[in-house]
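One structure is given below, encoded as structure tokens.
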Amino acid sequence: AHDLVTGSDASPLVTPVGVAAVPDGRFFVADSSTRKIVAFSADGTVAEDSFAPDLELQRPTGLCYDPSGQRLLVVDTLGCSIHALSLSGEVQASTGHRGDGPGEFNFPIGVTTGPNGDIYIVDSMNFRVQRLAADFSFVSEFGIAGNGPGSFTKPKGVALDSEGHVYVVDSMFDNIQVFDRDGNLLLAFGSGGTALGNFYLPTG
């Protein structure tokens with residue numbers, strides 16, 4: 001990893017944020033400073049230093065591979081949008097602009113997909129997780145601003161397990177909250193500190 005983050009001609013990363021691997025062995029890195037997606041081969045060499053060059057990103061952050069659509073999903077935090085790319089780099093779909101309504105975003109950052117192709121996006125400064133269908137249409141949302149269980153202050157990361165539970169990392173709470181697919185809080189774990197089981201500004 002140290003060799004990749006050099007900013008040299010061999011590895012053009014400056015501020016890498018998100019990473020996603022795809023079945024052919026390649027992995028992709030979102031660089032928020034250069035505003036590019038960089039593709040690497042399985043051995044860590046640069047395959048393309050500007051993957052999807054037609055996509056004008058303002059600050060790419062979250063990345064994930066969507067197996068149901070065999071595509072790459074990219075979150076643009078400053079652009080308040082999400083984009084779907086083919087694995088050859090063509091832009092297939094885009095949605096989103098700044099706002100607080102359904103399908104609108106305020107500095108989104110994390111993204112993952114569910115087994116049915118639904119997309120879960122951490123809409124960070126709207127203090128919620130939005131669930132979109134595979135075609136980017138709005139399905140549901142959960143979360144509010146607050147400092148108690150089930151609320152968010154600085155949500156950053158999101159993941160699903162095999163049973164559809166939604167895990168949300170909050171970097172201000174230094175914890176992970178686990179929800180069912182309808183947004184009901186099931187449990188939370190972690191706290192601020194340096195001991196085992198503690199976190200400090202977790203993001204992913």
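The values are calculated or read from the model by the stated rules, or taken from the named source; none is laboratory data. Computed from a prediction, not measured in an experiment: that's the story for all the values here. Methodologically, a virtual Cβ is constructed for each residue, glycine included, from the backbone with ideal geometry; neighbour enumeration extends over all protein chains shown. For the accessible areas, the whole protein counts, side chains as well, though only heavy atoms, and no ligand, DNA or RNA atoms are used. Shrake-Rupley method; radii C 1.70, N 1.55, O 1.52, S 1.80 Å.
Take the conditions open to solvent by less than 20 Å² (accessible area, probe 1.4 Å), under 21 Å from residue 66 (Cβ atoms) and out of contact with any Leu (no Cβ under 9 Å at 6 or more places or on another chain) and apply them to residue 118. Does it pass?
No.
Would you mention how many residues in region 52-78 are within 15 Å of the chain's Cα centre (by Cα) and open to solvent by less than 20 Å² (accessible area, probe 1.4 Å)?
Counting residues in region 52-78 that are within 15 Å of the chain's Cα centre (by Cα) and open to solvent by less than 20 Å² (accessible area, probe 1.4 Å) gives 13.
Any residue in region 84-101 that is touching a residue at least 12 places away in the same chain (Cβ under 8 Å) and in contact with a helix residue (DSSP H, G or I) (Cβ under 7 Å, 6 or more places away or on another chain)?
yes
Restricted to region 181-190, and to residues that are at pLDDT below 95 and on the phi < 0 side of the Ramachandran plot, which residue is surrounded by the most Cβ atoms within 10 Å (Cβ to Cβ)?
181
Taking the conditions exactly as written (in a loop (DSSP other than H, G, I, E, B) and under 17 Å from the mean Cα position of the chain (by Cα)), does residue 103 satisfy them or not?
Here the answer is yes, as residue 103 does meet what is asked.
Residue-wise test of (1) under 27 Å from residue 51 (Cβ atoms); (2) hydroxyl-bearing (Ser, Thr, Tyr); (3) not in a strand (DSSP E or B).
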position	(1), (2), (3)
94	yes, yes, no
109	yes, no, no
121	yes, no, no
136	yes, no, yes
